[in-house]
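The values are calculated or read from the model by the stated rules, or taken from the named source; none is laboratory data. All of these numbers come straight from a predicted model, not from anything done at the bench. Ligands, DNA and RNA are excluded from the accessible area calculation, which covers all protein heavy atoms including side chains. Shrake-Rupley method; radii C 1.70, N 1.55, O 1.52, S 1.80 Å.
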Amino acid sequence: MSMGGLVERQVNHAVQAICSGDTQLADDVIRREDDVDKAEVAIDNECTQILVRRQPAASDLRMVLAVSRVVRDLERIGDEASKIAIHTLEVKDSKNPQFCQQAIRYMGEEVVKMISGALDAFARHDVEGAIEVVRTDKLVDKQYASALRELITYMMEDPRSIGQAINILWILRAIERIGDHARNISEQVIYLVSGTDVRHSSLTEMEETAQKED
């Protein structure tokens, strides 16, 4: 949960940096990526020690496996936050199109909520909370697709904007990927509680799994 809190702040600060053009905040996100990496290594080592020394079974084993998977997704979220910060520095002197600013702000705020919701669901073993994160991921994906279409039109209308637009594209893609990783964490909540592996499952299938638990 401590690592999750750090990652959530990283994403929040990265989104703030790109929306406000705060290069100092972007630099701070890049510097703190090492802290996320160190947390991943430390928790992975703990999981390995538990598996070797205690040989957990049933729900205890599911907990260790789920933690190991969640930590991997948290580390990747940290990577995506760092990418956003790096691209923030690259577009610091550019004026982003209004639709891009809106998409970045909306998607950024939503994925921060998704991370918080996924971590809360994990701590509480809350399957319904996890499914709500998956629902939100669908909305973020739609916003990403819409912004992508507008960005392509923008580049076609003004070829001089292609360099700037590519940076914006990578920022939007990083935010969308953060949402995917938050969804992955939520899937581990369902696995932890029900014992059912719902990776690659549809939202409907996850909802059916939750109903069986009820």
Counting pairs of alpha carbon atoms under 8 Å apart in space and at least six apart in sequence, what relative contact order in percent does the chain give? 27 percent
With a 1.4 Å probe and all protein chains left in place, how much of the accessible area of the stretch 62-214 comes from carbon and sulfur atoms, in whole percent? 48 percent
Return the single residue from Met107, Met63, Met156 with maximal mean-square fluctuation; model: Gaussian network over the chain, springs between Cα atoms under 10 Å. Met156
Would you kindly give the portion of the calculated P(r) for the stretch 152-214 that falls above 14 Å, as a percent of all Cα pairs? 67 percent
Could you give the angle, 0 to 90 degrees to the nearest 10, between helix 203-213's Cα long axis and the longest principal axis of the Cα atoms of the chain? 30 degrees
Could you pull out every one of the aspartates and glutamates with an alpha carbon less than 12 Å from that of Lys142, ignoring same-chain neighbours closer than 8 positions? Glu176
Given all pairs of different Cα atoms, what value in angstroms does the Kirkwood hydrodynamic radius of the stretch 64-183 take? 15.1 Å
Largest-first semi-axes in Å of the equivalent ellipsoid built from the Cα gyration tensor of the chain are 34, 21, 12
Go ahead and estimate [θ] at 222 nm for the chain from helices alone: -39,500 (n - 2.57) per DSSP H run with n ≥ 4, summed, over the residue count, rounded to 500. -30500 deg cm²/dmol
Quick check: convex hull of the Cα atoms in the stretch 68-130, volume per residue, rounded to a whole Å³? 78 Å³
Check the straight Cα-Cα distances from Lys138 and name the lysines below 28 Å, setting aside those fewer than 8 residues away within the same chain. Lys83, Lys113, Lys212
